[in-house]
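The values are calculated or read from the model by the stated rules, or taken from the named source; none is laboratory data. This one's a predicted model, so the numbers in the text were calculated from it and none came from an experiment. Cβ placement follows ideal geometry from the backbone for every residue including glycine, while neighbour counts extend to all protein chains displayed. Keep in mind that these areas ignore ligands, DNA and RNA; they rest on the heavy atoms of the full protein, side chains included. Shrake-Rupley method; radii C 1.70, N 1.55, O 1.52, S 1.80 Å.
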Amino acid sequence: LQAGLSQTDWFGLGTGLLGTGYAAAAYNQAAYLSSVALRQCQIYQKKNYELSWVSIARDDIRDMMNISVTRISNYMMVATLILGVASDALLGVNFSEKCPEFVQTAFWISMALSILFFTESIMFAVKGQNSAFTNTMRLLTWELRPEPPAPYDHDYLQQMSMFESSGLAQLFRIPGLATHYGDDPENGKDGKDHKGIPRRRDEQLEREGFLARIFGQRSENGGNGAGSSSDPQKPSAPTPSTPWKTGAAGDGSQQPTLEQVVPKTTMLMYLARFSHFMQLWQPYETSSKYCIGLGLISLAHGAAYFCLGHFSATGLYMGDCIAWITVFIFIFVTAIVYQQNFHSNHRASRWAVYLLISLGPVCGIVGGVTTSGAVRSWAASLMFLFHSVHYIVGWVISVFEFKKPWQTTKKFTTGPRGQQFPEEWFRACNQSDVEEDWQMYCAAGRDVSSEDDDFGMSRSSPPEEFYGASRPCAAERRKVVQTNNRVTGIVRSSMLFSGLVWFVTFWASAFTNFESCGLWLNSLVSGKADLLDGDHLAIVAPVPGLELTSVACRGDVMFVANSFQVFRVNISSGVLDALPCALEREVADLTLDCSSGSCRPLVLLDDSSILDCSSGVGAKLLKGMEAKRIASTSNSAEPKLLSLTNGTLVDNTWNAAQKGWDPQWVVQDVGADVVDVDAVEGRAVLFSVRKRSRGHIYRNAVSVKSQSDFKTLGKWRLRDNAYTTTAGCAMSPQVAYFVQKGEDVRLLRVRLPV
């Protein structure tokens, strides 16, 4: 028999080959469908994962914003409550009449300044909350928002037919050989598949990466986001490294058999981005805290002065001791408030502030409890001065040591062991943005050539750190700097204003309590010196410690008197010779009548009668007038007399019919400070001792007035305050003599610059 296959065998072979082909095609089709199902499941699972992560990140941002807003709300609530306390104290406190006026002044100023700072704290808190809400909404709306859902219009039936059109090599692929479903990365970099068909937009976005869609950064596969640049010289976001890459990525690495889910640290970039946005309201939060501290310091000072004024004027047995204790308690409170709210990098500046906030109340204590007017005057002025210097020094420290917003927020993104996000994450700014940022930063007032700048070195070009995560790009950076300068400028202006208020009060106190300040200023304006020095004329009295109460002089003649005798004075030797005079009452004053060519003493007795010692003839003041001092103004045949009673100067003429001095009119109300009066060559010379309850003044004064219209021709003060004027006379229009009492009685000669 001829060997060969029968017709039946050939039919069986054909059907077997055909079945095998169908089985291979069915296997490859099933493998393709399984791959499509797995791919679809993976894509949607990834979408769900990304949406869940965005939701968690958005909740995280809202939680961090709420923490900051809650802290600002606490500042606002505390400032509001204490503002009510300060306002009640300002409007409801009343002091005793015995309370020193400088203590009351310090109290009112301290309380008013505390209200100023608490009001600013509330204002900054409100502005900070609004800024936090606004900028967080910007971050959630424009930079970290869920991806919009992709259109669900993929044609899976067409995808099935595409499997058959992929060629016989894929249709009858032997198991174990590589598949080729049209997703080769080497053939799809231009946005088309391996057959030239344009890839869908959602597939391109998928390949560009999730971070590019959220942050606008360069994608990890090389796609350009909003912040990328084709210029190799411009800084761009480097590709974050991944722990595993598939073999299809082109790097030749082996994909692990089992999936490993390793999170990328780059997914936490939203934390660094939030710290950037937080810089926009951080100045409000920090300034609100600082204003509360300044308000508490002013409030504590005001409370110290209230206790000082209250307890020092109550007359309690231990009133002064209680005042000291309470003031020192509030001094300690101010030190604690400063230590907790303000931080300085230099120990000397910290201790300087501690000293200044303490010296003001200490000077107030000294001035409040002392009985010496001079000590009280010095203490009051120094108290105001120390308060002024305290605020001015605080203003100077704030200029150099206030932290910038990026310095404050950087600590929020720093780990417990100093870990920080990589700086290259946020190098999305191009070179021109960074240079514009740097120029704007320099124009804000920073000295970039100094050694102690923000970056610790001297430079005139943008430093490397200026590109990093702690530096936003030009537009955001400009807004941060403008906000920070505006807010901190208000705080610094308030501190400077407070220092100026205290300084003006210091000057007012100095001019009020120290007359030398006013006289010095007047000498600068007018060019005239109002302080006079005198020559001491030694007196040789018949008995030691002779008390003189009056003096009269003219030309080269001088007489003095005590309550019981009249003495002639030898001006060259100072010897006193008793003058025989029939005195029946005590002597009140002396004057000289030189109308007859020679000068004779007229004695005013304590009953307002006038006795001529030379003739023994007496006269009286008519119409019931009384006098404490008299001065003869007659150099002619018509006698005239000036009489001084209770600060009123009266002109009198001689009435021959009644043999007395007849008052004509009141010349002037010269005041109770005038202790004696004299007249010479048409001029009236007034000697006064000013008495004030407070302050350092030059008590002994002399003024010259014209007798025709009684206008002031000159007014001077004696520099020496150790003695008090009791009487005086005018030897001539240019020379006056003062009888002064102190440790002893002395006669002082003064030249008047008329």
Does segment 368-389 contain at least one residue that is outside any helix (DSSP H, G or I) and under 26 Å from the mean Cα position of the chain (by Cα)?
no
Of all residues in segment 397-420 being at negative phi, part of a loop (DSSP other than H, G, I, E, B) and not basic (Lys, Arg), the one that is surrounded by the most Cβ atoms within 10 Å (Cβ to Cβ)
402
For the structure I just gave you, tell me whether residue 730 is within 15 Å of residue 552 (Cα to Cα) and surrounded by 14 or more Cβ atoms within 10 Å (Cβ to Cβ).
yes
Given 38, 90, which one is hydrophobic (A, V, I, L, M, F, W, C), under 30 Å from residue 314 (Cβ atoms) and at pLDDT 80 or above?
90
Looking at (1) surrounded by 11 or more Cβ atoms within 10 Å (Cβ to Cβ); (2) closer than 27 Å to residue 409 by Cβ, which is the only condition residue 59 fails?
(1)
How many residues of segment 371-396 are modelled with pLDDT under 85 and open to solvent by 30 Å² or more (accessible area, probe 1.4 Å)? The answer is 7
Every listed condition ((1) within 30 Å of residue 510 (Cβ to Cβ); (2) more than 58 Å from the chain's Cα centre (by Cα); (3) among the aliphatic types (A, V, I, L, M)) holds for residue 621 save (1)
Any chance you could count how many residues in segment 565-582 are in contact with a strand residue (DSSP E or B) (Cβ under 7 Å, 6 or more places away or on another chain) and farther than 20 Å from residue 736 by Cα?
5
When every residue in segment 72-127 that is among the aromatic types (Phe, Trp, Tyr) and farther than 18 Å from residue 302 by Cα is compared, the one farthest from the chain's Cα centre (by Cα) is 75
Surrounded by fewer than 21 Cβ atoms within 10 Å (Cβ to Cβ), closer than 20 Å to residue 505 by Cα, at pLDDT 85 or above and of a type outside the set (Phe, Trp, Tyr): is that true of residue 105 in this structure?
yes
Whether any residue in segment 586-593 is modelled with pLDDT of 90 or more and open to solvent by 40 Å² or more (accessible area, probe 1.4 Å) is what I want to check.
yes
In segment 549-568, which residue that is free of Cβ contacts under 8 Å to residues at least 60 places away in the same chain and among the aliphatic types (A, V, I, L, M) is surrounded by the fewest Cβ atoms within 10 Å (Cβ to Cβ)?
557
